[in-house]
1. Cα-based Rg of segment 280-329 per 2.2 N^0.38 Å, rounded to two decimals?
2. Using the Cα centre of the chain as the reference point, and only Cβ charges (+1 on K/R, -1 on D/E), how large is the resulting charge dipole? Debye, rounded to the nearest 20.
3. Given the peptides 86-95, 147-156, arrange them by the average over their residues of other C-beta atoms within 10 Å, most packed first.
4. What is the spread of the Cα atoms of segment 80-200 along each of their three principal axes, largest first, in whole Å?
5. At 1.4 Å probe size, with the rest of the protein present, what percent of the exposed accessible area of the chain is carbon and sulfur atoms?
6. So, by mean Cβ neighbours within 10 angstrom, what's the order for 53-59, 5-11 with the highest one leading?
7. What shape does segment 183-329 take by its C-alpha gyration tensor, where a ≥ b ≥ c are the square roots of the eigenvalues and a/c under 1.5 counts as rounded, a/b above b/c as prolate, and the rest as oblate?
8. Averaging over all projection directions, find the projected area of the Cα convex hull of segment 21-112 and quote it in nm² with one decimal place.
Amino acid sequence: MPAKSREQLLHFYEDMLRIRFFEEKVRDVLLPRKLFRGSAHLAIGQEAVAVGAIHALREDDYVVSTHRGHGHAIAKGLDMRRMFAELMGRKTGCDRGKGGSMHLADASRHFMGENPVVGSNAPMAAGLALGAKLEGNGRVAAAFFGEGALNTGAFHEAANLAALWKLPVLFLCENNLYAISVPLDKSSAIQDLERRAEAYGIVGERVNGMRVMEVYDVVSRAVHRTREESVPSYLVFDTYRFEGHHTADKQTYRTPEEALEEFRKRDPIHILEFEMIDDHTVPIPATIEYRDRIRAEVDAAFEQALDDPWPEPEEALVGVYAEGGERDG
Ligand SMILES: Cc1ncc(C[n+]2csc(CCOP(=O)(O)OP(=O)(O)O)c2C)c(N)n1
């Protein structure tokens, strides 16, 4: 394992556990109890990408996320009680209960929102990066998206302009092998996805997305270069979603064994735990204590959100239209 401070590794570990337990709560409690409508796009299995990448950013750097963004939001420091409240439509939600699972946002954390329009994340981040460059505030903007989004025009338009205008933007592709039911080899003419931005002069890099330290190291280097040289970076993380595309997905395109086997072999949380135990960063009982403590934290956030008030009907149109054009700091 590369040398890291113990605190840093434990911080990664805690955030990965927060994401896993938050999403398990959504799957096992909120949905069965019909505490919110529709389905959720879980990123169970992809925690190392969110945590490793976002911890490599500055707090005031921008993040733009996708329909599968609970983990990005947690890693960016959004409050889990307000996230649960948002999912359940409560007034205290991070979007006052109007956004739900696929539209979590918190400009105060520079988390500029989940955006479920596939591919839209890339031009949004490019726009934020252009703003940062014009203001000279030294921020970078990171866009997360799945490998399916590489096939959208929006990604290619954004990559071209980002390279042409030298924008400080990071394109972070989470290759979980499926776009809904379509496997990668049926959607991309080439399998070496790190080459998909070469036409714009952007040399990509491929990263093992199941190892949080590796993600952190590679993204740290890319962030440094992007910030210092004001140029785009493009990284592809090989990962896997252990759940369906969304919670109502019957997953007829893959066998249950495939997901289970992948889970056993490549669970990013287990990988980190084994490595931390192996090199004596933490003894085994400590991992159990961490798990118990973070699970209690997630439970408490959920219970508090459950007691939170509903919005008043008069609030229905508040925030629907821009008022005054105020910007965040
Ligand atoms: C522009 C657009 N086209 C189609 C959809 C429907 N859709 C929702 S998720 C999805 C697949 C996205 O796959 P990928 O980008 O690989 O992300 P993942 O779901 O694997 O995280 C599609 C096609 C959409 N939301 N937006």
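1. Values: Rg = 20.4 Å, N = 50, 2.2 N^0.38 = 9.7 Å.
In units of the 2.2 N^0.38 Å rule of thumb, it is 2.10.
2. Around 420 debye, computed over the chain.
3. The packing order, highest mean first, is 86-95, 147-156.
4. 46, 42, 18
5. Working: 7910 of 14740 Å².
After summing per-atom areas, the C and S share lands at 54 percent.
6. Result, highest mean Cβ count within 10 Å first: 53-59, 5-11.
7. rounded
8. It is 5.3 nm².
The values are calculated or read from the model by the stated rules, or taken from the named source; none is laboratory data. Here the structure is a predicted model, which is why all the values come from computation and not from measurement. Glycine gets a Cβ as well: all are built from the backbone with ideal geometry, and neighbour counts include every protein chain shown. What goes into the accessible areas is simple: the full protein's heavy atoms, side chains included, and nothing from ligands, DNA or RNA. Shrake-Rupley method; radii C 1.70, N 1.55, O 1.52, S 1.80 Å.
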